[in-house]
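The block underneath contains the structure these notes are about, expressed in structure tokens.
The values are calculated or read from the model by the stated rules, or taken from the named source; none is laboratory data. Treat the numbers as computed from the prediction; the structure is a model and nothing was measured. Neighbour counts run over all protein chains shown; Cβ positions are idealised from the backbone, glycine included. All accessible areas refer to the heavy atoms of the entire protein, side chains included, with ligands and DNA or RNA removed. Shrake-Rupley method; radii C 1.70, N 1.55, O 1.52, S 1.80 Å.
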Amino acid sequence: MSRIGKLPIQIPAGVTVTVKDDAVTVKGPKGELSEKINPSIKVSVDNGVISLTRPSDERTYRAQHGLYRALINNMVIGVSAGYRKELELVGVGYRASNTGQVLDLSLGYTHSIYIQLPQEIKLETKSERNKNPLIILESADKQLLGQVCAKIRSFRMPEPYKGKGIRFVGEEIRRKSGKSAGK
């Protein structure tokens with residue numbers, strides 16, 4: 001049996017879970033999320049616990065068993081506690097600011113980059129003297145948050161020689177020595 005799929009999901013106080021046809025909807029203080037699942041994977045909610053069962057031990061059912069359990073668990077955590085990601089801009093002259101849901105990035109290109117973020121994501125930017133600018137993103141949807149972070153990061157990936165670029169706070173970049181070290 002799938003080690004992840006067989007684990008029960010505890011429903012915290014203030015969160016309601018409804019299963020209708022092949023969709024699971026989770027409502028909580030941070031919002032509402034919904035996910036369509038394969039009808040062959042059965043989801044049952046009783047006594048504040050969500051459990052998933054699969055029809056057989058076929059390879060596809062085993063994979064989907066763990067997948068849907070993880071997705072539902074992420075939704076429950078998202079609507080109760082939420083997710084938060086912090087990105088820092090490392091480089092001379094790199095700046096970030098926001099007006100509402102529009103993120104304005106100055107990353108050393110000849111032009112500024114403007115990104116319209118979805119309404120589900122809460123955006124905040126911090127620029128303090130002698131510190132790297134920070135972009136703080138919060139959301140109940142882990143998948144959407146990760147996708148937006150990856151998009152922002154793709155504009156200037158961290159490079160291994162000087163370490164410049166957009167990276168997560170606390171992320172370690174593997175550094176390479178320059179061409180002078182090879183001799």
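Can you tell me how many residues within the stretch 61-85 are aromatic (Phe, Trp, Tyr), more than 14 Å from residue 34 (Cα to Cα) and either modelled with pLDDT of 95 or more or touching a strand residue (DSSP E or B) at 6+ places or on another chain (Cβ under 9 Å) (or both)?
Narrowing the stretch 61-85 to residues aromatic (Phe, Trp, Tyr): 61, 68, 83.
If we keep only those that are more than 14 Å from residue 34 (Cα to Cα) too, we end up with 61, 83.
Imposing the further condition that a residue be either modelled with pLDDT of 95 or more or touching a strand residue (DSSP E or B) at 6+ places or on another chain (Cβ under 9 Å) (or both) reduces the set to 83.
Residues that pass the stated criteria total 1.
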Can you pull out the residues in the stretch 1-15 that are assigned to a strand (DSSP E or B) and exposed (fewer than 14 other Cβ atoms within 10 Å of the Cβ)? 10
Being assigned to a loop (DSSP other than H, G, I, E, B), touching a Ser or Thr at 6+ places or on another chain (Cβ under 9 Å) and acidic (Asp, Glu) narrows 128, 120, 172 down to just 120
Output for Cβ contacts, cut-off 6 Å, separation at least six or different chains, first residue part of a loop (DSSP other than H, G, I, E, B) in the stretch 16-43, second exposed (fewer than 13 other Cβ atoms within 10 Å of the Cβ) and not acidic (Asp, Glu), reads 22/36; 22/39; 29/14; 40/55
Write out, first by first residue and then by second, each pair whose Cβ atoms fall under 7 Å of each other, whose residues are 6+ apart or on separate chains, and whose first residue, in the stretch 48-61, is under 30 Å from residue 14 (Cβ atoms) while the second is part of a loop (DSSP other than H, G, I, E, B) and modelled with pLDDT of 90 or more. 48/11; 49/8; 49/11; 50/8; 50/11; 51/8; 52/41; 54/41
Tell me which residues, restricted to the stretch 45-70, are within 26 Å of the chain's Cα centre (by Cα) and either among the small types (Gly, Ala, Ser) or open to solvent by 40 Å² or more (accessible area, probe 1.4 Å) (or both). 45, 48, 51, 60, 61, 62, 63, 64, 66, 67, 70
